[in-house]
1. Filter the stretch 94-149 down to the residues that are closer than 19 Å to Ala26 by Cα, modelled with pLDDT under 75 and surrounded by 18 or more Cβ atoms within 10 Å (Cβ to Cβ) and list them by number.
2. Which residue out of Val63, Val82 is in contact with a Ser or Thr (Cβ under 7 Å, 6 or more places away or on another chain) and of a type in the set (Val, Ile, Thr)?
3. Looking only at the stretch 12-50, which residues are among the β-branched types (Val, Ile, Thr) and crowded, with 16+ Cβ neighbours inside 10 Å?
4. Residue by residue through the stretch 55-73, note down the ones that are modelled with pLDDT under 95 and out of contact with any helix residue (DSSP H, G or I) (no Cβ under 8 Å at 6 or more places or on another chain).
5. Return the only residue of Ala46, Ala29 being of a type in the set (A, V, I, L, M, F, W, C) and under 19 Å from Asp84 (Cβ atoms).
Amino acid sequence: MQVKNTMLLSFPSLSQNEGFARQAVAAFALQVGDWTLVELDEIMTAVSEAVTNAIIHAYEHEVGEVRIRANILEGGGIEIIVEDDGIGIEDVEQAMEPMFTTKPQQERTGMGFSFMESFMHELTVTSTPNRGTSVRMVKWLNTKSDAQE
């Protein structure tokens with residue numbers, strides 16, 4: 001994947017920064033081309049879910065750093081990587097199961113990864129306990145296969 005442009009955004013893990021992050025990535029994504037409103041909303045929702053996960057789960061009652069790296073890809077796509085240096089995820093496979101949540105008392109639905117997976121063409125989650133988590137998402141303006149041919 002050839003990168004045409006890149007953006008790096010870093011902010012404290014405060015809930016008020018979630019809206020800022022989704023807007024910043026959406027504005028950057030417009031460089032790809034003419035997304036439909038639905039596609040742009042899907043990108044924004046996926047970013048919101050990834051950032052919200054970092055804010056709620058990564059730092060457990062502390063404020064830490066959340067980083068977003070976004071790359072405009074040759075062929076009409078965007079790669080978005082949301083990272084934190086928080087507590088990590090012990091079992092990524094289990095965490096990605098629909099309805100799984102470690103915060104039922106906060107009325108969390110456990111659907112964040114499911115939304116990311118359904119709205120983006122690619123989703124990869126890597127995590128190391130006590131070292132942090134990285135969520136990598138890719139969305140193509142056209143279908144993935146068309147964009148890479």
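1. Gly112
2. Val63
3. Result: Val25, Val32, Ile43, Thr45, Val47.
4. Within the stretch 55-73, His57, Ala58, Tyr59, Glu60, His61, Glu62 meet the criteria.
5. Result of the check over Ala46, Ala29: Ala46.
The values are calculated or read from the model by the stated rules, or taken from the named source; none is laboratory data. What you see is a predicted model; the values in this text were computed from it and never measured. So basically every Cβ, Gly included, is an ideal-geometry build from the backbone, and we count neighbours across all protein chains shown.
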